[in-house]
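Asker: My questions will all concern the structure given below.
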Amino acid sequence: MNEYRTLAGQLIMIRLFGTELDPETAAFIRANKIRGACLFRQNMVDAAQLTRFNAGLRDAMGENALIALDQEGGAVVRSLWVPPPPSAMALGAADDTILAKEVGAAVARAVKSMGFNWNFAPVLDLNNNPRNPVIAERSFGADPERAAALAMAWMDGSDAEGVACCVKHFPGHGDTHVDSHRDLPTVDKDLAELERFEFAPFRAAAPHAPAVMTAHIVYPALDPHNPATMSRAILTDLLRVKMGYEGVIITDGMDMHAIAHRYGAGEAAVNALVAGADMVMAIGSRETQEATLEAIAAAIEDGTLPMASVQRRLARLDKLAQAHPAGSVPYATEAEDRALMARAWRRALTARGKPQRPAPGGKVRLVARQDVVSDGVSEAGVPAANIAASLGKLYDVELVTFADPEAFDWNTLPQDGRFTMLASTSRRRYGPHARDNWRPDLHIALWNPYQALDFGAPALMTYGFAPPALEAVNAWLAGEIDAEGVCPVPGFE
């Protein structure tokens, strides 16, 4: 069984715990020949620590190591100290493939400097569902052709800097109102509509993308019984055969509730590999990782996963790693990349409903959620006090915070002539209580642009809350720039 376990080990990607590679984990990696790891915010302190951590992983995993993270941009970033990239929808609002390529290259330079060689980005989901709880500004937009062009430009920039991309979430997570981290969504469209819309950007990317990540979503028109991650009709018949895809297929995290609440870890992993995946993201506990290894090893031994198909998977993974070798390189362009990101955030800034600027030095009342904690996918939102401090450079700011917009008494806000700004700092849409009982003078949508539809108020949309987004808002308020972005999803005309 040891021979089969070490084959299984090369087909899984694990999550790590802590900020250093402890001897027990290093031994586990070596013993099972695990070559894939995905790092999250909890694993990161600063550049020196992360570079050291990844060097240890590269040593334990060997020359074909695949060390990954989600550094998409916007709210989904893991390394917070590098130049903060705009979200995909921010680049969609700027609608400039040259800028998208430059941003993709800059993201790659930053993560490569810390030893990563695989970035789970860009998102190819087309967000045409205003109630989507997990994609929203992570999408380049709703137009298949334009979104694909921007995503491929971003990917070209990354590849040129030696970091492999992974387009996601195949065959499309944009038109859902359920987060697959929490439950199993369904996209119940007919095949013609899926072909025209959801599949289109993946079809365009298929000849170019080094890797594709699966979606934990059921598409009844293709397979009424299995989520895409476990569907041979989707991963093999559609992606491999019909779209001719030859790169790596990796699952999304198998700890997500859409999968983990319905299948055992080992069963799910084998199902995904049988369906056509090359690598299973076993990012649960060590117990889960052990169960995954055992199940895959048994499936190889009894022929459920034929040895010839295992070797094809290993060859694809080797090719990916050899084309994008792990190992840190000096980050010589950080200052230039920081300026580039700031310029991209400014290009994205979008106005809705002819917003007016308060008088310089005027009295402003800022209303915002007190804090927004991480949901496990996105990083924590910007604290209200940070927004107040930023606006305080221009105005006399009074800050009013709420914990829950549906419980807050909006009528307690004084009618005293102060210019009122609502700063939206979460992805969650507003409910009827907030929408029906108040209207700000200016709505600054710092995360999910669809929130700008929740109030009949003029709005500025940034598609993210990183410091350069706040700086772009201030530049607009000061009259230094115009908001020239165009929101790339329906409903904002």
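Asker: Six or more apart or on different chains, Cβ atoms under 9 Å: show the pairs whose first residue is in segment 144-155 and among the polar types (S, T, N, Q) and whose second is in a helix (DSSP H, G or I) and at pLDDT below 95.
Answerer: The qualifying pairs do not exist here.
Asker: For segment 136-176, give me the residue count where each residue is more than 20 Å from GLU193 (Cβ to Cβ) and part of a strand (DSSP E or B). Reasoning before the result, please.
Answerer: Keep residues of segment 136-176 that are more than 20 Å from GLU193 (Cβ to Cβ), which gives 136-138, 149-168.
After this cut, where a residue has to be part of a strand (DSSP E or B) as well, the list is 164-165, 167-168.
Of the residues in segment 136-176, 4 are more than 20 Å from GLU193 (Cβ to Cβ) and part of a strand (DSSP E or B).
Asker: Related question: Exactly one of (1) outside the structural domain of PRO358 (by TED's automatic domain parsing); (2) under 26 Å from the mean Cα position of the chain (by Cα); (3) surrounded by fewer than 24 Cβ atoms within 10 Å (Cβ to Cβ) is unmet by GLY485. Its number?
Answerer: All conditions are met except number (3).
Asker: Taking into account only those residues within segment 318-339 that are surrounded by fewer than 20 Cβ atoms within 10 Å (Cβ to Cβ) and among the hydrophobic types (A, V, I, L, M, F, W, C), which is nearest to ASP59 (Cα to Cα)?
Answerer: In this case the residue turns out to be VAL329.
Asker: Separate question: Taking the condition in the same structural domain as LEU66 (by TED's automatic domain parsing), surrounded by 23 or more Cβ atoms within 10 Å (Cβ to Cβ) and at pLDDT below 95, does THR292 pass?
Answerer: Here the answer is yes, as THR292 does meet what is asked.
Asker: Give me a count of the residues in segment 336-359 that are over 16 Å from GLU471 (Cα atoms) and not charged (D, E, K, R).
Answerer: Counting residues in segment 336-359 that are over 16 Å from GLU471 (Cα atoms) and not charged (D, E, K, R) gives 5.
Asker: Which one of these is touching a residue at least 12 places away in the same chain (Cβ under 8 Å), among the basic types (Lys, Arg) and assigned by TED's automatic domain parsing to the domain that holds GLY104: ARG312, ARG286?
Answerer: None of the others qualify; the one that does is ARG286.
Asker: In segment 305-317, what residues are of a type in the set (A, V, I, L, M), within 16 Å of ARG35 (Cα to Cα) and buried (at least 18 other Cβ atoms within 10 Å of the Cβ)?
Answerer: Once the filter is applied, which keeps residues that are of a type in the set (A, V, I, L, M), within 16 Å of ARG35 (Cα to Cα) and buried (at least 18 other Cβ atoms within 10 Å of the Cβ), segment 305-317 yields VAL310, LEU317.
Asker: Where residues in segment 54-84 are under 16 Å from the mean Cα position of the chain (by Cα) and part of a strand (DSSP E or B), which of them is surrounded by the fewest Cβ atoms within 10 Å (Cβ to Cβ)?
Answerer: Taking the candidates together, the pick is VAL76.
Asker: Of the residues ILE259, ILE250, ILE217, which is more than 23 Å from PHE197 (Cα to Cα), buried (at least 21 other Cβ atoms within 10 Å of the Cβ) and within 21 Å of the chain's Cα centre (by Cα)?
Answerer: ILE259
Asker: Let me ask you something else. Taking the residues in segment 1-53 that are surrounded by 19 or more Cβ atoms within 10 Å (Cβ to Cβ) and over 17 Å from LEU293 (Cα atoms) as candidates, determine which candidate is nearest to the chain's Cα centre (by Cα). Before you say what the answer is, go through the steps one by one.
Answerer: Residues of segment 1-53 that are surrounded by 19 or more Cβ atoms within 10 Å (Cβ to Cβ), as a first pass: 4-5, 7-16, 21, 25, 29, 32, 34-39, 43, 50, 53.
Next, from what is left, pick out any that are over 17 Å from LEU293 (Cα atoms): 21, 39, 43, 50, 53.
Working: LEU21: 25, LEU39: 13, ASN43: 17, LEU50: 20, PHE53: 22 Å.
Among those that are surrounded by 19 or more Cβ atoms within 10 Å (Cβ to Cβ) and over 17 Å from LEU293 (Cα atoms), it is LEU39.
Asker: Select from segment 192-240 the residues that are β-branched (Val, Ile, Thr) and either farther than 29 Å from PRO325 by Cα or not assigned by TED's automatic domain parsing to the domain that holds ILE250 (or both) and list them in ascending order.
Answerer: ILE217, VAL218, ILE234
Asker: Quick check: is even one residue across segment 152-162 in contact with a strand residue (DSSP E or B) (Cβ under 6 Å, 6 or more places away or on another chain), under 30 Å from THR425 (Cα atoms) and at pLDDT 95 or above?
Answerer: yes
Asker: Further question: Of all residues in segment 110-135 being part of a helix (DSSP H, G or I) and crowded, with 24+ Cβ neighbours inside 10 Å, which is nearest to the chain's Cα centre (by Cα)?
Answerer: To start, the set of residues in segment 110-135 that are part of a helix (DSSP H, G or I) comprises 110-112.
Going one step further and asking which of them are crowded, with 24+ Cβ neighbours inside 10 Å, we end up with 110-111.
Details: ALA110: 17, VAL111: 15 Å.
Step by step, filter segment 110-135, then rank; the result is VAL111.
Asker: Could you give me the residue pairs with C-beta distances under 6 Å whose first residue belongs to segment 439-464 and is modelled with pLDDT of 95 or more, whose second residue is outside any strand (DSSP E or B) and of a type in the set (S, T, N, Q) wherever it lies, and which are 6+ apart or on separate chains?
Answerer: Taking only residues 6 or more apart or on different chains, the pairs are ALA445/GLN451; LEU446/THR425; LEU446/THR462; TYR463/SER87; GLY464/SER87.
Asker: Mind listing whichever residues of segment 1-39 are under 20 Å from GLY115 (Cα atoms), of a type in the set (D, E, K, R) and touching a residue at least 12 places away in the same chain (Cβ under 8 Å)?
Answerer: If the condition is that a residue be under 20 Å from GLY115 (Cα atoms), of a type in the set (D, E, K, R) and touching a residue at least 12 places away in the same chain (Cβ under 8 Å), then ARG15, GLU20, ARG30, LYS33, ARG35 are the ones that fit.
Asker: Scan segment 419-428 for residues that are modelled with pLDDT of 95 or more and either loosely packed, with under 15 Cβ neighbours inside 10 Å or under 28 Å from the mean Cα position of the chain (by Cα) (or both) and jot them down.
Answerer: Within segment 419-428, LEU422, ALA423, SER424 meet the criteria.
Asker: Which of (1) without any contact (Cβ under 8 Å) to a residue 60 or more places away in the chain; (2) closer than 30 Å to PRO458 by Cβ; (3) assigned to a helix (DSSP H, G or I) does ALA368 not meet, given it meets every other one?
Answerer: Among (1) without any contact (Cβ under 8 Å) to a residue 60 or more places away in the chain; (2) closer than 30 Å to PRO458 by Cβ; (3) assigned to a helix (DSSP H, G or I), ALA368 violates only (3).
Asker: Another question about this same structure. Between ALA332, ALA351, which is at pLDDT 95 or above, part of a loop (DSSP other than H, G, I, E, B) and either under 30 Å from THR97 (Cα atoms) or assigned by TED's automatic domain parsing to the domain that holds ASP95 (or both)?
Answerer: ALA332
Asker: Okay, next question. Every residue in segment 420-446 that is within 15 Å of GLN370 (Cβ to Cβ) and in a loop (DSSP other than H, G, I, E, B), please.
Answerer: THR425, SER426, ARG428, LEU446
Asker: Report, by residue number, each residue of segment 247-265 that is modelled with pLDDT under 90 and closer than 24 Å to ALA315 by Cβ.
Answerer: Residues satisfying the conditions are ASP252, MET254.
Asker: Residues of segment 396-418 being crowded, with 16+ Cβ neighbours inside 10 Å and either touching a residue at least 40 places away in the same chain (Cβ under 8 Å) or in the same structural domain as ASP70 (by TED's automatic domain parsing) (or both), which ones?
Answerer: Passing the criteria: LEU413, ARG418.
The values are calculated or read from the model by the stated rules, or taken from the named source; none is laboratory data. What you see is a predicted model; the values in this text were computed from it and never measured. Methodologically, a virtual Cβ is constructed for each residue, glycine included, from the backbone with ideal geometry; neighbour enumeration extends over all protein chains shown.
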